[in-house]
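Here the structure is laid out as structure tokens; the discussion comes afterwards.
The values are calculated or read from the model by the stated rules, or taken from the named source; none is laboratory data. All of these numbers come straight from a predicted model, not from anything done at the bench. Virtual Cβ from ideal backbone geometry, glycine too; neighbours counted across all protein chains shown.
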Amino acid sequence: MAINTLSTQVFAGQRPGTSGLRKKVTVFMQPMYLENFVQALFDVLNGVSADAQVGTALHGQTLVVGGDGRYHNRAAVQTILKLAAANGVQRVLLGQGGILSTPAVSAVIRGRQAFGGIVLSASHNPGGPDGDFGIKYNASNGGPANEALTEAVYARTQVLAQVRISDAPDVDINVQGTCGLDGMQVEVIDPVADYAAVMHSLFDFDMLRGMFKAGFRVRVDAMNAVGGPYAKAILEGELGAPAGTVVNAVPLEDFGGLHPDPNPVNAEDLIAHMAREDAPNFGAALDGDADRNMVVGRNFVVSPSDSLALMTAHAKLVPGYSQGLLGVARSMPTSAAVDRVAKALGIDCYETPTGWKFFGNLLDAGRVTLCGEESYGTGSSHVREKDGLWAVLFWLSLQGVSGRSVQSLVTDHWRTYGRNYYSRHDYEAIPTAVADALMLDLRAQLPQLQGRSFDARTVVLADDFSYTDPVDGLVSAKQGIRLVFDDGARVIFRLSGTGTEGATLRIYFENYEADTAHQDSPVQEALADLIAIAEQVAGVRARTGMAAPTVAT
Ligand code: G6P
Ligand code: ZN
């Protein structure tokens, strides 16, 4: 066995987006494509980059590797092991079968003080040979690498001429235990154990066990993705939930054709079950890499922004948060429902750009304990990723301790704090040039929009959101066009950073309703006038030729 040096070529477009490098499987399967990116990453981690500040030595260190089990996961794992061995990594902790959910990677990195980790996932994007693949690096805090590092990696991909790789045979990744690969140790670990231990430290497992004993019924749809083994081991294994509580529980390379993005459209089977006469008490769905969650009660869907607000309001009911929260954070397009709770609790509330990585600094600095996003992500300081199953256990705990249903918890919340009606409209796969022009024109309109009135509403703030990280002072500009109205309503336009086909325009609508008599309207109806304003300002229909959004959540 030897370390070989292979020539590579520069590939266009290896710049990581909101959440790592995400491309079609066919792109990743081009010879040397993955090798090129991973070698660039290892070079930067070893200090070989234009900006020496971001690099620290990977030599002699431990790296965690795992993915969501989608198509190409297994082949990619073998390639990464051989590159790691050739680049001085001492030990790799690999999830059995190449599997680790995104929050589990974070838990393993933190729990075992690893140098960092590689997550193989395209999250909620479809899988299979025609689907998407992705790769992301997480640092020693267990969270996604910051932009300084990802930019350095990108810069390195653009000048790289050679990769160093072992020619050792493939490692058996299906059996737990330790083996060698060209002097590097590969330890194949139980993908669930470290993560389950973290859940034990936060939740009252005896109380949860008691709920199932008393007949509380739950349906968790793992969408044929990586959350299945975790949900099964914890809910059915440890908590005694009946077999069949977790459905679509075996990770499949193509997710069995499902789109593992937990929203009411893609998880329609769960929604249908929760609308039946004999519906379970509580339902939830997870995404491809198990960091996202959607929670549903009987015939009642919880908006992710409301979920964060409720978790914040009731956090003290959960043992891990009984001392209260240091603060909370939400992404800018997430509704301001949590802001009201934070105010009532007297804790800080931060508004960050979209992307979980922005929460990392706030969590590390002890400024926040909970964070969440409109895109079905919630999490806390227990790891540095959002965490789908954690959210399920959190909501289960809220119901167990309060004895209340999901619907009654949420409607009660509205009566107390008011309701932030909320919806996101996505226009997917539109030509990049069309999307860019639309955003450019909106930006140009900002000065005229400021102060402009639309019927009863007046725009009090029209800007392009810019964020200054309060911890490291880094500025992230152009994070979304915001129109904020005098009654607190908001319309936000931004382009997705996670799509792989053309561009995806996201328009976010939020309208605050304090009057308890008007808090139970259909969401799209309650937002209709804001939706009309967005169309008037941006002309989405004419520009895209699309009569309606592809997805409205
Ligand atoms: C990933 C990130 C989230 C982000 C979401 C949507 O899940 O981890 O932080 O909110 O993608 O991002 P996008 O750029 O597509 O709106
Ligand atoms: Zn995900």
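For the subset of the range 102-114 comprising residues that are touching a Leu at 6+ places or on another chain (Cβ under 8 Å) and touching a residue at least 60 places away in the same chain (Cβ under 8 Å), which member is farthest from ligand 2 (Cβ to nearest atom)?
Keep residues of the range 102-114 that are touching a Leu at 6+ places or on another chain (Cβ under 8 Å), which gives 103, 108, 112, 114.
Checking the rest, the ones that are also touching a residue at least 60 places away in the same chain (Cβ under 8 Å) come to 103, 108, 112.
Numbers: 103: 9, 108: 17, 112: 22 Å.
Step by step, filter the range 102-114, then rank; the result is 112.
From the list 58, 83, 34, 63, which residue is part of a loop (DSSP other than H, G, I, E, B), crowded, with 18+ Cβ neighbours inside 10 Å and among the hydrophobic types (A, V, I, L, M, F, W, C)? Walk me through it before giving the result.
Numbers: 83 fails: part of a loop (DSSP other than H, G, I, E, B); 34 fails: part of a loop (DSSP other than H, G, I, E, B); 63 fails: part of a loop (DSSP other than H, G, I, E, B).
Criteria check complete, one pass: 58.
Regarding the range 472-489, can at least one residue be identified that is free of Cβ contacts under 8 Å to residues at least 40 places away in the same chain, assigned to a strand (DSSP E or B), under 28 Å from the mean Cα position of the chain (by Cα) and farther than 18 Å from residue 303 by Cα?
Checked the range 472-489: at least one residue is free of Cβ contacts under 8 Å to residues at least 40 places away in the same chain, assigned to a strand (DSSP E or B), under 28 Å from the mean Cα position of the chain (by Cα) and farther than 18 Å from residue 303 by Cα.
For residues that are surrounded by 20 or more Cβ atoms within 10 Å (Cβ to Cβ) and on the phi < 0 side of the Ramachandran plot, tally how many sit in the range 272-292. Can you show your working first?
Step one: filter the range 272-292 for residues surrounded by 20 or more Cβ atoms within 10 Å (Cβ to Cβ), giving 274, 282-292.
Keeping just the survivors that are on the phi < 0 side of the Ramachandran plot gives 274, 282-289, 291-292.
Total meeting the criteria: 11.
Specify which of the listed residues (328, 295) is part of a strand (DSSP E or B), within 16 Å of ligand 2 (Cβ to nearest atom), at negative phi and β-branched (Val, Ile, Thr). Walk me through how you get there before you give the answer.
Values: 328 fails: within 16 Å of ligand 2 (Cβ to nearest atom).
Exactly one of 328, 295 is part of a strand (DSSP E or B), within 16 Å of ligand 2 (Cβ to nearest atom), at negative phi and β-branched (Val, Ile, Thr), namely 295.
Can you tell me which residue within the range 102-113, out of those that are in contact with a helix residue (DSSP H, G or I) (Cβ under 6 Å, 6 or more places away or on another chain) and under 14 Å from residue 389 (Cβ atoms), is surrounded by the fewest Cβ atoms within 10 Å (Cβ to Cβ)? Don't jump to the end; show me each part of the working.
Narrowing the range 102-113 to residues in contact with a helix residue (DSSP H, G or I) (Cβ under 6 Å, 6 or more places away or on another chain): 104, 107-108, 111.
The next check asks that each one be under 14 Å from residue 389 (Cβ atoms); those that pass are 104, 107.
Working: 104: 35, 107: 27.
The qualifying residue surrounded by the fewest Cβ atoms within 10 Å (Cβ to Cβ) is 107.
For the range 298-308, enumerate the residues that are away from ligand 1 (no atom under 16 Å from the Cβ), of a type in the set (A, V, I, L, M) and not in a strand (DSSP E or B).
Initially, the range 298-308 is screened for residues away from ligand 1 (no atom under 16 Å from the Cβ), giving 298-302, 306.
Adding the requirement that they be of a type in the set (A, V, I, L, M) leaves 301-302.
Of everything in the range 298-308, just one residue is away from ligand 1 (no atom under 16 Å from the Cβ), of a type in the set (A, V, I, L, M) and not in a strand (DSSP E or B), namely 302.
Taking the condition surrounded by 15 or more Cβ atoms within 10 Å (Cβ to Cβ), within 16 Å of ligand 1 (Cβ to nearest atom) and under 25 Å from the mean Cα position of the chain (by Cα), does residue 495 pass?
Values: surrounded by 15 or more Cβ atoms within 10 Å (Cβ to Cβ): yes; within 16 Å of ligand 1 (Cβ to nearest atom): yes; under 25 Å from the mean Cα position of the chain (by Cα): yes.
Here the answer is yes, as residue 495 does meet what is asked.
Is it fair to say residue 405 is polar (S, T, N, Q) and either assigned by TED's automatic domain parsing to the domain that holds residue 201 or free of Cβ contacts under 8 Å to residues at least 12 places away in the same chain (or both)? Step through it out loud before you land on a result.
Numbers: polar (S, T, N, Q): yes; either assigned by TED's automatic domain parsing to the domain that holds residue 201 or free of Cβ contacts under 8 Å to residues at least 12 places away in the same chain (or both): yes.
Judged against the criteria, residue 405 is a match.
Going through the range 110-151 one residue at a time, which ones are more than 16 Å from residue 17 (Cβ to Cβ) and either touching a His at 6+ places or on another chain (Cβ under 7 Å) or not assigned by TED's automatic domain parsing to the domain that holds residue 19 (or both)?
Result: 126, single match.
Among the residues of the range 358-376, write down those that are under 11 Å from residue 469 (Cα atoms) and either more than 15 Å from ligand 1 (Cβ to nearest atom) or among the aliphatic types (A, V, I, L, M) (or both). Talk me through it step by step, then tell me what you get.
Step one: list which residues in the range 358-376 are under 11 Å from residue 469 (Cα atoms), which gives 358-362.
Residue satisfying the conditions is 362 alone.
Return the residues of the range 100-145 that are in a helix (DSSP H, G or I), among the aliphatic types (A, V, I, L, M) and within 16 Å of ligand 1 (Cβ to nearest atom); say none if nothing qualifies.
Answer for the range 100-145, where residues must be in a helix (DSSP H, G or I), among the aliphatic types (A, V, I, L, M) and within 16 Å of ligand 1 (Cβ to nearest atom): 104, 105.
Restricting to the range 212-231, name every residue that is touching a residue at least 12 places away in the same chain (Cβ under 8 Å) and surrounded by fewer than 22 Cβ atoms within 10 Å (Cβ to Cβ). Don't jump to the end; show me each part of the working.
Start the filter on the range 212-231 by keeping residues that are touching a residue at least 12 places away in the same chain (Cβ under 8 Å), which leaves 212-213, 216-231.
Matches in the range 212-231: 212, 213, 216, 217, 219.
Please indicate, with yes or no, whether at least one residue in the range 535-545 is surrounded by 15 or more Cβ atoms within 10 Å (Cβ to Cβ), touching a His at 6+ places or on another chain (Cβ under 8 Å) and aliphatic (A, V, I, L, M). If you could, list the steps in order and put the result at the bottom.
Pass one, the range 535-545, residues surrounded by 15 or more Cβ atoms within 10 Å (Cβ to Cβ): 537-538, 540, 543-544.
Okay, now just the ones that are also touching a His at 6+ places or on another chain (Cβ under 8 Å), so none.
Checking the range 535-545: not a single residue is surrounded by 15 or more Cβ atoms within 10 Å (Cβ to Cβ), touching a His at 6+ places or on another chain (Cβ under 8 Å) and aliphatic (A, V, I, L, M).
Regarding the range 273-284, can at least one residue be identified that is within 16 Å of ligand 1 (Cβ to nearest atom), of a type outside the set (Gly, Ala, Ser) and not in a helix (DSSP H, G or I)? Spell out the reasoning first.
Taking the range 273-284 as the starting set, the residues that turn out to be within 16 Å of ligand 1 (Cβ to nearest atom) are none.
Checked the range 273-284: no residue is within 16 Å of ligand 1 (Cβ to nearest atom), of a type outside the set (Gly, Ala, Ser) and not in a helix (DSSP H, G or I).
Condition check: in the same structural domain as residue 366 (by TED's automatic domain parsing) and either surrounded by fewer than 15 Cβ atoms within 10 Å (Cβ to Cβ) or modelled with pLDDT of 95 or more (or both). Does residue 466 satisfy that?
The answer is no for residue 466.
Go over the candidates 95, 47, 17, 88 one by one and state the one that is under 20 Å from residue 139 (Cβ atoms), without any contact (Cβ under 8 Å) to a residue 24 or more places away in the chain and either among the small types (Gly, Ala, Ser) or out of contact with any Lys or Arg (no Cβ under 6 Å at 6 or more places or on another chain) (or both). Explain how you work it out, then say what you get.
Working: 95 fails: without any contact (Cβ under 8 Å) to a residue 24 or more places away in the chain; 17 fails: without any contact (Cβ under 8 Å) to a residue 24 or more places away in the chain; 88 fails: without any contact (Cβ under 8 Å) to a residue 24 or more places away in the chain.
None of the others qualify; the one that does is 47.
Does the range 115-136 contain any residue that is more than 21 Å from the chain's Cα centre (by Cα), under 26 Å from residue 469 (Cβ atoms), at pLDDT 95 or above and of a type outside the set (A, V, I, L, M, F, W, C)? I'd like the intermediate steps shown before the answer.
Narrowing the range 115-136 to residues more than 21 Å from the chain's Cα centre (by Cα): 115, 129-130.
This time we only want the ones that are under 26 Å from residue 469 (Cβ atoms), so: 115.
Within this subset, residues satisfying the condition of being at pLDDT 95 or above are 115.
Among the residues that remain, those that are also of a type outside the set (A, V, I, L, M, F, W, C) are: none.
Taking every residue of the range 115-136 in turn, none turns out to be more than 21 Å from the chain's Cα centre (by Cα), under 26 Å from residue 469 (Cβ atoms), at pLDDT 95 or above and of a type outside the set (A, V, I, L, M, F, W, C).
Among the helices (runs of 4 or more DSSP H) confined wholly to the range 348-432, which include 1 or more residues that are within 15 Å of ligand 2 (Cβ to nearest atom) and crowded, with 24+ Cβ neighbours inside 10 Å?
By residue number, 357-364, 388-402.
If you go through the range 418-464, how many residues are polar (S, T, N, Q) and either out of contact with any helix residue (DSSP H, G or I) (no Cβ under 8 Å at 6 or more places or on another chain) or at positive phi (or both)? If you could, list the steps in order and put the result at the bottom.
Our first condition is that a residue be polar (S, T, N, Q); within the range 418-464, this holds for 420, 423, 432, 445, 448, 450, 453, 458.
In the following step, the residues that additionally are either out of contact with any helix residue (DSSP H, G or I) (no Cβ under 8 Å at 6 or more places or on another chain) or at positive phi (or both) were identified as 432, 448, 450, 453, 458.
Final tally of qualifying residues: 5.
A quick yes/no check of all residues on (1) at pLDDT below 95; (2) in contact with a Lys or Arg (Cβ under 7 Å, 6 or more places away or on another chain):
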{"site": "212", "(1), (2)": "no, no"}
{"site": "219", "(1), (2)": "no, no"}
{"site": "224", "(1), (2)": "no, no"}
{"site": "232", "(1), (2)": "no, no"}
{"site": "243", "(1), (2)": "no, no"}
{"site": "261", "(1), (2)": "yes, no"}
{"site": "279", "(1), (2)": "no, yes"}
{"site": "293", "(1), (2)": "no, no"}
{"site": "307", "(1), (2)": "no, no"}
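State whether one or more residues within the range 70-93 are within 16 Å of ligand 2 (Cβ to nearest atom) and within 21 Å of residue 153 (Cβ to Cβ). Explain how you work it out, then say what you get.
Within the range 70-93, the subset within 16 Å of ligand 2 (Cβ to nearest atom) is 70, 73.
From what's left, within 21 Å of residue 153 (Cβ to Cβ): 73.
Yes, some residue in the range 70-93 is within 16 Å of ligand 2 (Cβ to nearest atom) and within 21 Å of residue 153 (Cβ to Cβ).
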